[in-house]
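**Student:** If you scroll down you'll find the structure; I have some questions about it.
The values are calculated or read from the model by the stated rules, or taken from the named source; none is laboratory data. Every value quoted in this text rests on a predicted model; they were computed, and no experiment measured them. FYI the Cβ positions are ideal-geometry reconstructions off the backbone, even for glycines, and counts take in every protein chain you see. Ligands, DNA and RNA are stripped out before the accessible areas are found, and what is left, the full protein with its side chains, is counted by its heavy atoms. Shrake-Rupley method; radii C 1.70, N 1.55, O 1.52, S 1.80 Å.
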Amino acid sequence: MEQNNLDRPDPREDDDDYIDDSFPLPVKVLGWALAAFAFAIFAVTFNNSGMVLRAGFFAKAFAVVVGTLLGWGGAMLGDAICRFARPSAVFTSGGFFSLVFTKLFWIAGPQVIGLVIGVMVGMSQVLSRI
């Protein structure tokens, strides 16, 4: 098996013509940015509070931009917390569905919580000034 690896040289070892075509940002960073943008648009579109109803188009657009940025930051902060605090083993006494819920929470729970808080805080800060 090791002989096969020696016979086929790694194409990345040629430093003079190696071109790194990989995307510079991790996919999850872009995914959480798109999720924050979608949630910010959803929150502005379907919100019937007085703050949103009396705001004009540009105020709502600016609220979406600020909400997206803060939501993305909240998701990245939630991802850092999740990486730090994620347990390596999960024990439950609630059965299979409790285990599934716990695993799903640790996959995306802190990120979603940070995203929602960030979008709502960003939008409320912009729209409360109008």
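**Student:** Taking only pairs six or more apart or across chains, which ones have beta-carbon atoms under 7 Å, a first residue in the stretch 27-46 that is free of Cβ contacts under 8 Å to residues at least 60 places away in the same chain, and a second residue that is open to solvent by 40 Å² or more (accessible area, probe 1.4 Å)?
**Tutor:** A33/W72
**Student:** So, one more: L69 passes all but one of (1) in a loop (DSSP other than H, G, I, E, B); (2) closer than 15 Å to Q111 by Cα; which number fails?
**Tutor:** Of (1) in a loop (DSSP other than H, G, I, E, B); (2) closer than 15 Å to Q111 by Cα, only one is false for L69: (1).
**Student:** Given the options G122, G94, G118, name the one that is more than 30 Å from V44 (Cβ to Cβ) and small (G, A, S). Can you show your working first?
**Tutor:** Numbers: G122 fails: more than 30 Å from V44 (Cβ to Cβ); G118 fails: more than 30 Å from V44 (Cβ to Cβ).
Just one listed residue meets the conditions, G94.
**Student:** If T68 satisfies every condition in (1) out of contact with any Phe, Trp or Tyr (no Cβ under 7 Å at 6 or more places or on another chain); (2) touching a residue at least 40 places away in the same chain (Cβ under 8 Å) but one, which is the exception?
**Tutor:** Looking at each condition in turn, T68 falls short on (1).
**Student:** Then there is this: Any chance you could count how many residues in the stretch 48-59 are open to solvent by 50 Å² or more (accessible area, probe 1.4 Å) and either touching a Leu at 6+ places or on another chain (Cβ under 8 Å) or assigned to a helix (DSSP H, G or I) (or both)?
**Tutor:** 4
**Student:** Let me spell it out: the conditions are (1) surrounded by fewer than 17 Cβ atoms within 10 Å (Cβ to Cβ); (2) modelled with pLDDT of 90 or more, and A75 meets all of them except one. Which number is the exception?
**Tutor:** With respect to (1) surrounded by fewer than 17 Cβ atoms within 10 Å (Cβ to Cβ); (2) modelled with pLDDT of 90 or more, A75 is out only on (1).
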